[in-house]
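The structure appears right after this line, and notes come after that.
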Amino acid sequence: MDAVGIGAGMRIGEAGAGEGYLTFHLARRVGDRGVVYANEISEGDLETIRDRARREDVNNIVTVLGEVEDPLFPERDLDMVIMVYVLHHLDRPIEFLQNIEGYVKPGAPVVIIEKNHSTDRSHPPQFMTGRQILETIEESGYELEKTETFLPRDTIYIYRVRH
């Protein structure tokens, strides 16, 4: 979270939150003055997040039922959108990424974390190669700001929307 600049008071959209593994870490980091919009297309996953938030008395997570091409975040000035192991699952990644542009503040980062794969072929179960990730995101209209490779199994791609 330090490497991508997540801090107290931020408003973060988490695209493809799943059952909330990262969601709760983000919620702790942004604190009471921040909010995490946990997006999923699975109502069951969102219910899992809501149940855990109630049990743990976490009040800064808002669940958002999205669509295949649009996360449907409820606000248009997010400080960041983050996606962990999501890009390779998207049926229409370019359209999804293009729609994310409308939810972030000008200059706000879009952070994509995916498995490290350096070969030219996708790997089971369906992860993309680094080159496929870069090409997909570039085609979506984003500009790569930097990559972080300090994690043993993952690469962090930090993008900004081209203006």
Every pair of residues 6+ apart whose Cβ atoms lie under 7 Å, when the first sits in segment 76-90 and is under 14 Å from N39 (Cα atoms) and at pLDDT 90 or above while the second is surrounded by 18 or more Cβ atoms within 10 Å (Cβ to Cβ) and aromatic (F, W, Y): L78/Y103; V81/Y103
Pairs, first closer than 20 Å to Q98 by Cα in segment 9-36, second at pLDDT 95 or above and charged (D, E, K, R), C-beta under 6 Å, six or more apart: R11/D79; A17/E40
Residues (within 16 Å of Y85 (Cβ to Cβ) and of a type in the set (G, A, S)) located in segment 14-28: A15, G16, A17, G18, G20
Residue in segment 44-59 that is within 26 Å of R160 (Cβ to Cβ) and surrounded by 13 or more Cβ atoms within 10 Å (Cβ to Cβ) present: no
Checking G18 against (1) buried (at least 19 other Cβ atoms within 10 Å of the Cβ); (2) under 21 Å from Y159 (Cα atoms), the condition it does not meet: (2)
Which listed residue, of G102, G66, is more than 13 Å from G20 (Cα to Cα) and surrounded by 16 or more Cβ atoms within 10 Å (Cβ to Cβ): G66
Matching option when the condition is modelled with pLDDT of 95 or more, more than 16 Å from the chain's Cα centre (by Cα) and farther than 17 Å from A17 by Cβ, among D51, D57: D57
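The values are calculated or read from the model by the stated rules, or taken from the named source; none is laboratory data. On a predicted model such as this, the values are computed, not experimentally measured, just so you know. Please note: Cβ atoms are built from the backbone with ideal geometry, for glycine as well, and neighbour counts cover all protein chains shown.
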